[in-house]
Structures are given as C-alpha cells and as structure tokens.
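Take a look at the structure set out below.
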Amino acid sequence: MYDQLVAVYAIGWLCKDDYVTGYSQIVPARNADDLGVVISFDCEAPELEETLISPAGQKAHGINPLNWKTDDTVADKSENAGACFINYDGEITSEIPGLCGCYLDTERGVLKVTDVDSADYPPAIPVLPEGSYHVYDYQFFFRNLQQNVGRRIANYCEAYAKNAAA
C-alpha cells in the first residue's frame, strides 16, 4: 500500500522528529517532486518563538510551499501563486497572488510568514497567540499547494507507468 502513496499533505501540523526516527514509513518531503512523503508546515509570524502546536525546543521537519526547500532560504512573495480565502461553503471569496513570502525555521519545522501584519490575520483559536497563522496554513499558499498536488500526481502516474511497463 505504501508504494501507492503519492504524498500526505499534513498542512497545519508538524512532522515531528520522533515520528521520523520512530517510524520508517514516515518520510518528510525534501523537494517538489518526491513521492510517498509527508508535506507539513505550520505558519507563524517571524517573531513567534513557540505555540501549543510547535513548542520551543521541539525538532520537526517542514517544507517551504513556495520554493519547496527544506532549508531556511527565503521565498519572496512574488513566488506565491495565490492566497485563497473561502467561506463556510468552500467558495473562494477572495484571491490574492503574491500575498506573502516565507522561510522555514529549520529547527522547529515551522513556516515563518513574511509580508503580512498579524493584526490582519488573528489566530481565531483562543489558545494560540497573536502571530500564529495556523488557521491560514492552506489559505496563504493555496495555489502553490494546488499546483504541487498536480505535479506530484503526474510524477506518480509517470513512475507507475514505468513500473507497469517493466
């Protein structure tokens, strides 16, 4: 079954280091194309040092959804194909290309979101501090994630076709 996995998009949660070391099936994504991997990040303001989701000192693996790197390379907001905000019916109410950039905090595995004011994006969950963008994880990077899903599915289909032909 594992060899049929395209990817797990665990957006808004962290792929903790003890998951990776404890379970060989849990493999963090390393780029935009790898298969059978976990894609994860939780968004926060650059000045935030910890949240309930990502405490200080906890090692986790994340990936930047704008440049698909796992280092701290900053992705400019020009790489953001579009943030999409939706209503409760799932309809897109607004779309903003280039809303924000980001970079990965390589220790905590969280995504540090740049170019937005935390006052404009309140946490909406009482236990999360100002600057936690947890409820915006998908929304801020919606079009990039959408493109990546298509890319990974195409890669999977190509790999599957090669294996079937062999």
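When Ala29 is tested against the conditions (1) free of Cβ contacts under 8 Å to residues at least 24 places away in the same chain; (2) buried (at least 18 other Cβ atoms within 10 Å of the Cβ); (3) within 18 Å of Leu111 (Cα to Cα), the lone failure is (1). Could you grab me the full set of residues in region 119-166 that are more than 16 Å from Phe85 (Cβ to Cβ), touching a residue at least 60 places away in the same chain (Cβ under 8 Å), hydroxyl-bearing (Ser, Thr, Tyr) and in a helix (DSSP H, G or I)? Result: Tyr156, single match.
Would you check if Glu79 is at pLDDT below 95 and acidic (Asp, Glu)?
Numbers: at pLDDT below 95: no; acidic (Asp, Glu): yes.
Answer is no for this residue.
The set of residues in region 83-118 being small (Gly, Ala, Ser), in a loop (DSSP other than H, G, I, E, B) and buried (at least 19 other Cβ atoms within 10 Å of the Cβ) consists of Gly109 alone. Restricting attention to region 55-79, the residues that are under 14 Å from the mean Cα position of the chain (by Cα) and farther than 12 Å from Tyr103 by Cα add up to 2. Condition (residue is within 16 Å of Arg108 (Cβ to Cβ) and β-branched (Val, Ile, Thr)) applied to region 41-58: is it met by at least one residue? So far as region 41-58 goes, yes, one or more of its residues are within 16 Å of Arg108 (Cβ to Cβ) and β-branched (Val, Ile, Thr).
The values are calculated or read from the model by the stated rules, or taken from the named source; none is laboratory data. Quantities reported herein were computed from a predicted structural model and do not represent experimental measurements. Positions of Cβ are generated from backbone atoms using ideal geometry, with glycine treated the same way; all protein chains shown enter the neighbour counts.
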